[in-house]
Amino acid sequence: MQSDVKVRLMAFTPSPDGIVAAAAGLCYSASSVEDLIDRFKGEKEQKEQRESFIKKLRASGHLSPFEHVSFTFAVEGISRACSHQLVRHRIASYSQQSQRYVSMKEPGYVVPASVKNDERALSLFEEAIQKAHEAYKALAELGVPLEDARYVLPNAWETKIVVTMNARELHHFFSLRLCRRAQWEIRNLARLMLSEVRQVAPGIFDVAGPSCVTKGKCEETKPCGKPYSSMEDLLCWE
């Protein structure tokens, strides 16, 4: 079974824009904590002021207040190749479906577009997937523990994972993984994650992604040659 990536925002710090603004305001104000909360956490009347302040924080590089809010995502339909890249982001928490304890009885895998769009390549790919899965089942039937039988499963195999990151780390994640030079699968994952958090924290994630979007210029050593023109361009599915 070929898999499609799905991302759901499970939980997040309530009033994330207001929390970041209030935390940062504490650094620059003699006001009480209660006054700062009242000033920045209103849902409507303070929205413009709050988002303007957050924009200034991003522009100045004052990002420590962003660490006070976090977001938890449920992700399914990504490959093990993708999850191996994801967990390299160390300022995060992960809970991943275990191949030691969960039997991979039904084949679930991700097919790259470069394979899917080539009939011969797709045939070779699916043949390899089928043989690997048959070997996995045969090993399990011989009494080989699942934790050892899984060694024959390919990087394409589907996995599920819960991810929690704070807003500062998410900005870092988006800066790297939404660049066109990032691998296509994690780029699509990052795009879905960004779409989710923009709905609940529009100030924090009004602008996010690679430097071509956030700074108006590419800071990669080897530019892709096709910078994004806007956030709308960035969020378009490829």
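The values are calculated or read from the model by the stated rules, or taken from the named source; none is laboratory data. Being a predicted model, the structure only gives us computed values, none of them experimental. Quick reminder, even Gly has a Cβ in these numbers, built from the backbone with ideal geometry, and neighbours come from all protein chains shown.
Considering region 129-150 alone, what residues qualify as being among the hydrophobic types (A, V, I, L, M, F, W, C) and either farther than 22 Å from V115 by Cβ or more than 29 Å from the chain's Cα centre (by Cα) (or both)? Even if it seems obvious, please write down each step before you answer.
Going through region 129-150, the residues among the hydrophobic types (A, V, I, L, M, F, W, C) turn out to be 129, 132, 135, 138-140, 142, 144, 146, 149.
Within region 129-150, A135, A138, L139, A140, L142, V144, L146, A149 meet the criteria.
Could you check region 105-136 and list, in sequence order, the residues that are out of contact with any helix residue (DSSP H, G or I) (no Cβ under 8 Å at 6 or more places or on another chain) and surrounded by 15 or more Cβ atoms within 10 Å (Cβ to Cβ)? Residues satisfying the conditions are G108, E126, I129, H133. For region 121-133, check the following and say yes or no: at least one residue is assigned to a helix (DSSP H, G or I), in contact (Cβ under 8 Å) with a residue 12 or more places away in the chain, in contact with a strand residue (DSSP E or B) (Cβ under 6 Å, 6 or more places away or on another chain) and among the polar types (S, T, N, Q). Checking region 121-133: not a single residue is assigned to a helix (DSSP H, G or I), in contact (Cβ under 8 Å) with a residue 12 or more places away in the chain, in contact with a strand residue (DSSP E or B) (Cβ under 6 Å, 6 or more places away or on another chain) and among the polar types (S, T, N, Q). Residue-level check: of (1) modelled with pLDDT of 95 or more; (2) of a type outside the set (G, A, S); (3) surrounded by fewer than 18 Cβ atoms within 10 Å (Cβ to Cβ); (4) under 14 Å from C179 (Cα atoms), C212 misses just (3). When every residue of region 62-78 is checked against the conditions, at least one turns out to be part of a loop (DSSP other than H, G, I, E, B) and either modelled with pLDDT of 95 or more or charged (D, E, K, R) (or both). When the residues of region 1-23 are filtered to those that are under 30 Å from H133 (Cβ atoms) and assigned to a loop (DSSP other than H, G, I, E, B), the one that is modelled with the lowest pLDDT is M1.
Here is a check on your reading of the model: is A135 touching a Pro at 6+ places or on another chain (Cβ under 9 Å), farther than 19 Å from R8 by Cβ and modelled with pLDDT of 95 or more? Spell out how you get there, then give the answer.
Values: touching a Pro at 6+ places or on another chain (Cβ under 9 Å): no; farther than 19 Å from R8 by Cβ: yes; modelled with pLDDT of 95 or more: yes.
No: the conditions fail for A135.
Being of a type in the set (S, T, Y) and farther than 22 Å from P202 by Cβ is the filter; apply it to region 52-86 and report the residue that is farthest from the chain's Cα centre (by Cα). Looking at residues that are of a type in the set (S, T, Y) and farther than 22 Å from P202 by Cβ, I get S79.
Within region 59-69, can you find the residues that are surrounded by fewer than 19 Cβ atoms within 10 Å (Cβ to Cβ) and either closer than 19 Å to Q199 by Cβ or touching a strand residue (DSSP E or B) at 6+ places or on another chain (Cβ under 9 Å) (or both)?
Here is the first cut: in region 59-69, the residues surrounded by fewer than 19 Cβ atoms within 10 Å (Cβ to Cβ) are 59-64, 67-68.
Correct list: E67, H68.
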